[in-house]
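Student: This is the structure I have questions about; it appears just below.
The values are calculated or read from the model by the stated rules, or taken from the named source; none is laboratory data. Being a predicted model, the structure only gives us computed values, none of them experimental. We place every Cβ from the backbone using ideal geometry, glycine too, and count neighbours over all the protein chains shown. Remember, those area values only see protein heavy atoms, side chains included, never the ligands or the DNA or RNA. Shrake-Rupley method; radii C 1.70, N 1.55, O 1.52, S 1.80 Å.
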Amino acid sequence: MLLTINIGNSSLRFGLFDNNYNLECNYSWIINSNPHRSLDEYILLFRSIYQQYGILSEFIQNIVIGSVVPPLTNIVEQSLYEIHKIKAIIVDRNSPSPIKHDSHQLGTDLYANAIAAYTLYKNNHTSTLVVDFGTALSLTCIDKYGNLQGVIIAPGINSSLTALIGNTAQLSQIELKKPPKILGKYTETCIQSGIIYGYLSMVEGLINRVNQELKTNCFVIATGGLSHIYAPLTKKIHIKDKLHTIKGLKILFHWNH
């Protein structure tokens, strides 16, 4: 089996796949990014997760890691080596892939998003746009020929909410969910309306602008931790796939193995 790990600023997303070219994920789990965990703590944590899911470590034959947090990459790689005695393949924007780009600053997660979008949806005969509701809000666009059209990055939803609450007196943690009405009457629902519908309007507006600039109607995929909240609220998003990024890492593995 192939273990894929996407190391992000807020979380680590794991996916366990068959070693063939099938992109159906057998198991997936997520843990919080914590730069202060020791090597032994990671080893213990990974072993306990395997036990929880009934995963036998000897069944994992290959490991691929994509990371935007260099300090975490090494310790995760080391801890997995201690468990499996397998050298992980580390992929990034310079790794061979089916897409073409000239960016020198493209994050590995955005690179994986573009690769998965092209591989899975190139037969739609239009450009594909991946909206990633992660630590940052990002939109990655790739055309049907595998050319990266460009990326948009905005402040993340949780970061904005945390900044607002952190600077507002007498506010407890606000639950991130759709409010009953657009116009709120209580502080919590007022903030929910701003965060949910404000970001939804931004995403819809950016999709419209990309479509206008490219003179096409992009096929839009939503991924990332908060995609399940936003995707049902708009017809601009065609598919929600929380595992989209790690599917891209699996494709990268096959190109680099």
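Student: So, in Å, what gap is there between the alpha-carbon centers of segment 4-32 and segment 68-146?
Tutor: Cα centroid of segment 4-32 versus Cα centroid of segment 68-146: 12 Å apart.
Student: Leaving out same-chain residues fewer than 8 places away, which aspartates and glutamates sit with a Cα under 20 Å from that of residue 240?
Tutor: Partners within reach: 24, 109, 132, 143, 204.
Student: Measure off, as a whole percent, the carbon and sulfur share of the 1.4 Å-probe accessible area of the chain, all protein chains present.
Tutor: So the carbon and sulfur contribution to the accessible surface is 51 percent.
Student: With all protein chains present and a 1.4 Å probe, how do 13, 47 order by accessible area, largest first?
Tutor: So, going from the largest accessible area down, we get 47, 13.
Student: Counting only GluC sites (Glu not before Pro) that sit in a DSSP loop (anything but H, G, I, E, B) with at most 14 other Cβ atoms within 10 Å, what is the longest stretch of the chain containing none of them?
Tutor: 25-174
Student: What is the log10 of I(q)/I(0) for segment 1-58, computed with the Debye formula using one identical point scatterer on each Cα and no solvent, at q = 0.23 Å⁻¹?
Tutor: Computed log10 I(q)/I(0) values: -1.02.
Student: A further question follows. What residues from segment 201-231 fall in the zone where the backbone N is under 19 Å from a label point 7 Å along the Cα-to-C-beta line of residue 123?
Tutor: Only 219-221 fall inside the zone, counting backbone N under 19 Å.
Student: Compute the relative contact order of the chain as a whole-number percentage, counting only Cα pairs closer than 8 Å that sit 6 or more residues apart in sequence.
Tutor: About 19 percent, as a whole number.
Student: Mind jotting down the three principal axis lengths of segment 209-257 based on Cα atoms? Whole angstrom, largest first.
Tutor: Over segment 209-257, Cα extents along the principal axes are 38, 28, 12 Å.
Student: May I pose another question? Quick one: compute a quarter of the convex hull surface over the Cα atoms of the chain and quote it in nm².
Tutor: Result: 14.9 nm².
Student: Determine Rg/Rh for segment 23-119; Rg is computed over alpha-carbon atoms and Rh is the Kirkwood hydrodynamic estimate from the same atoms.
Tutor: Using Cα coordinates only, the ratio equals 0.98.
Student: Ok, one more. So which of 87/250; 177/235; 122/177; 178/235 end up more than 22 Å apart by C-alpha?
Tutor: Too far apart for the 22 Å limit: 122/177.
Student: Check every DSSP H run in the chain and write down those whose alpha carbon atoms cover 27 angstrom or more along the long axis and whose mean Kyte-Doolittle hydropathy is -0.5 or greater.
Tutor: Correct list, ordered by number: 187-214.
Student: Moving on. Accessible area per residue of the chain at 1.4 Å probe, in Å²?
Tutor: 51
Student: Against the empirical 2.2 N^0.38 Å scaling, what ratio does the C-alpha Rg of segment 121-257 come to?
Tutor: Relative to the 2.2 N^0.38 Å estimate, segment 121-257 comes out at 1.17.
Student: Let me ask you something else. Can you give the helix-only mean residue ellipticity at 222 nm for the chain, where every DSSP H stretch with n ≥ 4 adds -39500 (n - 2.57) and the sum goes over all residues, rounded to the nearest 500 deg cm²/dmol?
Tutor: -12500 deg cm²/dmol
Student: Cβ under 14 Å from residue 248's Cβ, residue 248 left aside: what net charge do those residues give with Lys, Arg +1 and Asp, Glu -1?
Tutor: My count for the surroundings of residue 248 gives +2.
Student: A further question on this structure: Assuming R0 = 22 Å, what is the FRET efficiency of residue 9 and residue 74, from their Cβ-Cβ distance, to the nearest 0.05?
Tutor: It comes to 0.85.
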